[in-house]
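The values are calculated or read from the model by the stated rules, or taken from the named source; none is laboratory data. Remember, predicted model here, so these are calculated numbers, not experimental data. Cβ placement follows ideal geometry from the backbone for every residue including glycine, while neighbour counts extend to all protein chains displayed. Protein only, heavy atoms only, side chains kept; ligands, DNA and RNA dropped before computing areas. Shrake-Rupley method; radii C 1.70, N 1.55, O 1.52, S 1.80 Å.
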Amino acid sequence: MTDAQHQHPPGRWLAIVGLGEDGVEGLSPAARALIANAKLVIGGRRHLALADGLPRGDCVPWLSPIADSMPAILAYRGELVTVLASGDPYCFGVGAMLSAHVPPEETICVPAPSALSLACARLGWALDDVATVSLCGRSIHTLAPALQPKRRLLVLSADATTPADVARYLTARGFERSMLHVLEALGGPRERIRAMTADHFGLNDVEALNLVAIEVEAGAHAKVIPLGSGLPDEMFEHDGQITKREIRAVTLSSLAPRAGELLWDVGCGSGSIAIEWLLRHPANRAIAIEREMLRAARAARNAAELGVPRLEMVTGEAPAALDALPQPDAIFIGGGGGSQVIDKSWGALKPSGRLVANAITLATERALFAAQAEHGGTLTRLAIERLDIVGGRQAFRPAMTVTQWSATKP
């Protein structure tokens, strides 16, 4: 791209037009004109078929992956290019990907109703009162945090097999009485809506274009993931190397998660801190560093089971394992972090980032005292006692005292 092109933007040359299953019949005159007059029309094969007969320019299907089509689109910069998308291109659609390459002032978007809007309209649900999960290219485990009793959930399907997969997943987790509404080809002549409970799902003729609406019902033994910090220890598979529930709740409070931030969990053990960090917001990221391969595999299983399979695992020993990692917004160092790990972590932390380190042994505690003397922050001793049986009688048994250093980098 030349300097002159940078100085004189070519106007709104990229049109993004949302199509419904009713095809060109549902388009406004303006949307039809953008398709008919484009030198290049690009979209999925289904979209191109829906618009058949309208384009006068070249029609090209998306490459796989879709991002590989961007050079061809950018080659037409300054000419009218129209991208066809499903419904609202900025609702789980291609719009955000295009905006990453083309400035908004060079685009025009004409959306159609999204599948989510159509589903709520058919079911009489308030769109602002439902949770939405996409299973397009994502693990079925992504559903887990959204399965809250008596809530409504919209699930964007990857293909025709997704509704059956969802039904099996719900049944296995104790949500078998949840009502599933399978909505197919919404807005078009093949539209169909069918409903049944998860444990009685038997559809084998579902359209590839579908979504699933769920009215969540939790059974007596349903695996509901609580919304607060400090999940029960038994929700994690572990070998004893786990930040206990009460300490974990305080630790998450000290880490103060914010949407979209990246955490390093150094010496992650069962992965409990990183997993709860990810559960705080779907945009959060976490990298768990663990030297023991068996523990790393266990942490990855815990992450999948608790609905955050996006946890990134690094098998290696700190501080060397930290060298190539992206800069974090927050760092947690478990019970074995010495002065070298603390120094390396502090140096890597972003300005205004938070570092929290827990110590049980005297050696690690001394490292925390030195870190607090150098960098400031707070030192807190956390002592927990739990009711137990001692000599046939009830008594409180103290757990090991944890010393916690928490600091924010200037």
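Among the residues of region 111-126, those that are crowded, with 19+ Cβ neighbours inside 10 Å and outside any loop (DSSP other than H, G, I, E, B) comprise Ala115, Leu116, Leu118, Ala119, Cys120.
The set of residues in region 42-88 that are part of a loop (DSSP other than H, G, I, E, B) and open to solvent by less than 70 Å² (accessible area, probe 1.4 Å) comprises Gly44, Ala51, Leu54, Pro55, Gly57, Trp62, Tyr76, Arg77, Gly78, Leu80, Gly87, Asp88. Residues of region 147-183 that are open to solvent by less than 20 Å² (accessible area, probe 1.4 Å) and either on the phi > 0 side of the Ramachandran plot or not in a loop (DSSP other than H, G, I, E, B) (or both): Leu153, Leu154, Val155, Thr162, Pro163, Val166, Ala167, Leu170, Gly174, Leu180, Val182, Leu183. Remark: pairs (first residue in region 387-406, outside any strand (DSSP E or B); second residue open to solvent by 50 Å² or more (accessible area, probe 1.4 Å); Cβ separation under 8 Å; 6+ apart in sequence or on different chains) = Ala399/Lys244; Ala399/Ala383; Ala399/Glu385; Ala399/Arg386; Met400/Ile360; Thr401/Ile360; Thr401/Arg381; Thr401/Ala383.
Put simply, of Asp129, Asp199 the only residue that is under 21 Å from Phe92 (Cα atoms) and either open to solvent by 60 Å² or more (accessible area, probe 1.4 Å) or aromatic (Phe, Trp, Tyr) (or both) is Asp129. Restricting region 341-370 to residues that are open to solvent by 10 Å² or more (accessible area, probe 1.4 Å), part of a loop (DSSP other than H, G, I, E, B) and modelled with pLDDT of 95 or more, the residue that is nearest to Leu252 (Cα to Cα) is Ser352.
Can you say whether Ile384 is out of contact with any strand residue (DSSP E or B) (no Cβ under 6 Å at 6 or more places or on another chain), open to solvent by less than 70 Å² (accessible area, probe 1.4 Å) and not small (Gly, Ala, Ser), as far as the supplied structure shows? Answer is yes for this residue. For Leu183, the test of being closer than 20 Å to Pro113 by Cα and out of contact with any Lys or Arg (no Cβ under 8 Å at 6 or more places or on another chain) is failed.
Taking the listed residues Ala324, Ala297, Ala304, Ala249, the one that is open to solvent by 40 Å² or more (accessible area, probe 1.4 Å), out of contact with any Lys or Arg (no Cβ under 8 Å at 6 or more places or on another chain) and assigned to a helix (DSSP H, G or I) is Ala297, with no other qualifying. Looking at Asp22, is it without any contact (Cβ under 8 Å) to a residue 24 or more places away in the chain and either open to solvent by 60 Å² or more (accessible area, probe 1.4 Å) or in contact with a Leu (Cβ under 8 Å, 6 or more places away or on another chain) (or both)? No: the conditions fail for Asp22. Mind telling me which of the residues Gly260, Gly336 ends up being open to solvent by 40 Å² or more (accessible area, probe 1.4 Å), in contact with a Ser or Thr (Cβ under 8 Å, 6 or more places away or on another chain) and part of a loop (DSSP other than H, G, I, E, B)? After applying the criteria, what remains is Gly336.
Residue check: His238 meets all listed conditions (1) over 29 Å from Arg46 (Cβ atoms); (2) modelled with pLDDT of 95 or more but one, namely (2). Give all pairs with beta carbons closer than 8 Å in which a residue from region 284-303 that is closer than 16 Å to Met235 by Cα meets a residue that is part of a helix (DSSP H, G or I); count only pairs at least 6 apart in sequence or on separate chains. Filtered contacts from region 284-303: Ala299/Ala274; Ala299/Ile275; Asn302/Ser272; Asn302/Ile275; Ala303/Ala274; Ala303/Ile275; Ala303/Leu278.
Contact annotation: residue pairs with Cβ atoms under 6 Å, 6 or more positions apart or on different chains, pairing a residue in region 304-317 that is farther than 15 Å from Leu231 by Cβ with a partner that is assigned to a loop (DSSP other than H, G, I, E, B), are Pro309/Ser139; Glu317/Arg291. Exactly one of (1) at pLDDT 95 or above; (2) open to solvent by less than 50 Å² (accessible area, probe 1.4 Å); (3) over 30 Å from Pro257 (Cβ atoms); (4) in a loop (DSSP other than H, G, I, E, B) is unmet by Gly188. Its number? Among (1) at pLDDT 95 or above; (2) open to solvent by less than 50 Å² (accessible area, probe 1.4 Å); (3) over 30 Å from Pro257 (Cβ atoms); (4) in a loop (DSSP other than H, G, I, E, B), Gly188 violates only (1). Residues in region 211-239 that are part of a loop (DSSP other than H, G, I, E, B) and open to solvent by 50 Å² or more (accessible area, probe 1.4 Å): 10 in all.
Can you find even one residue in region 93-108 that is in contact with a strand residue (DSSP E or B) (Cβ under 6 Å, 6 or more places away or on another chain), open to solvent by 50 Å² or more (accessible area, probe 1.4 Å) and assigned to a strand (DSSP E or B)? Yes: region 93-108 contains one or more residues that are in contact with a strand residue (DSSP E or B) (Cβ under 6 Å, 6 or more places away or on another chain), open to solvent by 50 Å² or more (accessible area, probe 1.4 Å) and assigned to a strand (DSSP E or B).
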